[in-house]
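Okay, structure first, notes after.
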Amino acid sequence: MVLERIEMERDRKCLLNMLKQYGESDMYPFHMPGHKRQEINDECVGGFPNPYGIDITEVYGFDNLHHAEGILKDSMMQAAEIYRADHTYYLVNGSTCGILSAVCGCVRNGGKILMARNCHKASYHGLILNRLMPVYLYPEFLEKFGINGGVFPEDVKKALESDREIEAVFLVSPTYEGIVSDIGSIAEIVHEYGIPLIVDEAHGAHFPFSDGREFPESALYQGADVVIQSLHKTLPSFTQTAVLHIKGNLADRVKIEQYLGMFQSSSPSYIFMAAMERCIFYMDGAGKELLKRYGKRMRLFFEHTKTYQALKVLDKRIISEDSVYDWDQSKIVVSVKGINGVDGEWLSDRLREKYHLEMEMCAPDYVIAMTSFLDREEGFVRLQNALTEIDDQLSGEAVYVKTPSFKFPGAKMAISPAVAMDSRGKEMPLSESEGMISREFLYLYPPGIPLLVPGEVITKEILSAVFRYKTSGFSVQGLSDHSLSTIITVAKQ
């Protein structure tokens, strides 16, 4: 009886059972992956087969991703033609390995890179691995919503004029919240200095298949030299699938390929690669029309949310902000900023527990619902009705206060991230670490943008934000001490 009870307990808690239960529940997924737990109607293939039946290794006739000469080479060449790129590479380790390869491949070991401070943590890992010295660009902060805006082209120009040792520029566009920078103007400036522009377009994998009216134009067509996109975020492909594109001759293709060989698994999944190929071919055909209809559906959604009194929903009016060149309407950003006693965690919990709607992420002041063209009408109706009901409730009882927003401080970088990581560490209480140099990362996840990077000085502002997030129940990660009680700092020599 004891053994039977143990077996039952194990079965009930195992990951596969939990995944099946979630998939069979009425919880609606306003989160990635973009397939939204649905199969695409691909008449050419007739449905994705049982994964066990097609899971192979590099057997005769199926090529090798790390030395592609046959079917995989042809597949990636066809993908490059579809994207109008010079080279396109399948990434089985997600955008992370693409970012690492681009950063390390475009800047010599120990060199300098100009990068936006709101980049994903993977780019900072690239700094550490190749001992790069970053020069940071701080995006504009949009106080009304408590989010980062875009990067000003003039800030890029000023930074490049000030430091001629910079070897590449790295930006994220769109941001998690859908904010798009003026990549075209930035690319022109960067190319004047003869260096490449790398764009983390992980959240904009659908851009290349739009006509430019419903969704922003891809950085790939605005002059960027290297563009990384996560297929799984907004398109019908499996989690962990992504692509890297190269255009022109400013980026060192050979070095990027070498680093791809280092950062990708030596046993790449043929299931992933087949899914990527299928996704790209589908988007080049039937997917384009579905994307157009989806864009029109999103416009209807945002027309309705304009009437809200308490909740603030990001929409195309954000483009009027100085640094916001364009905006991706696939992201539904709902802000509760200024409503006393209400935060993003409260809204996320309410949507999950009462309405069975799972958001992509919650931040202190807002939640994000990630959508794709495979979202069902039922999902949009449920979300719209839920937000309307919540807005009606808050409009009648909400008390508005001025609340502080956390934006990235002009953090002082005392030493490079790599030097900090190599330094002798000293563990100390986080609450007593002001003025010390951090040897660890601190970030909210999602989205994974560091609040603190190794080598930066720990400030009172950062500590206040961390304790505020911790108290509110947000996921603050990066420290080896998961309780957030202590931090490892750079020991004084």
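Can you find a residue that is part of a loop (DSSP other than H, G, I, E, B), of a type in the set (Phe, Trp, Tyr) and within 30 Å of residue 83 (Cβ to Cβ) anywhere in the range 358-373?
yes
Determine which member of the set 221, 176 is buried (at least 20 other Cβ atoms within 10 Å of the Cβ) and among the aromatic types (Phe, Trp, Tyr).
The match here is 176.
Every residue, every condition in (1) buried (at least 21 other Cβ atoms within 10 Å of the Cβ); (2) among the basic types (Lys, Arg); (3) under 22 Å from residue 248 (Cβ atoms), yes or no:
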| position | (1), (2), (3) |
| --- | --- |
| 87 | no, no, yes |
| 91 | yes, no, yes |
| 99 | yes, no, yes |
| 124 | yes, no, no |
| 134 | yes, no, no |
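As an exercise: evaluate residue 68 against (1) of a type in the set (A, V, I, L, M, F, W, C); (2) without any contact (Cβ under 8 Å) to a residue 60 or more places away in the chain; (3) closer than 23 Å to residue 186 by Cβ and give the number of the one condition it does not meet.
Only one criterion in (1) of a type in the set (A, V, I, L, M, F, W, C); (2) without any contact (Cβ under 8 Å) to a residue 60 or more places away in the chain; (3) closer than 23 Å to residue 186 by Cβ is unmet by residue 68, namely (3).
Report yes if residue 193 is free of Cβ contacts under 8 Å to residues at least 40 places away in the same chain, among the aromatic types (Phe, Trp, Tyr) and either outside the structural domain of residue 447 (by TED's automatic domain parsing) or farther than 22 Å from residue 124 by Cβ (or both), otherwise no.
Yes.
What are the pairs, 6+ residues apart or on separate chains, where a residue within the range 209-222 that is assigned by TED's automatic domain parsing to the domain that holds residue 174 has its Cβ under 6 Å from a residue that is modelled with pLDDT of 95 or more and β-branched (Val, Ile, Thr)?
As it stands, the answer is 216/180; 219/183; 219/199; 219/227; 220/227; 222/183, since those pairs meet every condition given.
Suppose we filter 453, 466, 419 for residues that are of a type in the set (A, V, I, L, M, F, W, C) and at pLDDT 95 or above; which single one remains?
Matching residue, one of 453, 466, 419: 419.
Please go through the range 85-124 and give me each residue that is out of contact with any strand residue (DSSP E or B) (no Cβ under 9 Å at 6 or more places or on another chain) and either assigned to a loop (DSSP other than H, G, I, E, B) or outside the structural domain of residue 224 (by TED's automatic domain parsing) (or both), ordered by number.
Residue satisfying the conditions is 109 alone.
Name every residue in the range 70-112 that is under 20 Å from the mean Cα position of the chain (by Cα) and under 20 Å from residue 267 (Cβ atoms), in order of residue number.
89, 90, 91, 92, 93, 94, 95, 96, 97, 98, 100, 101
The values are calculated or read from the model by the stated rules, or taken from the named source; none is laboratory data. Remember, predicted model here, so these are calculated numbers, not experimental data. Here the Cβ is made from the backbone with ideal geometry for all residues, glycine too, and neighbour counts use every protein chain on show.
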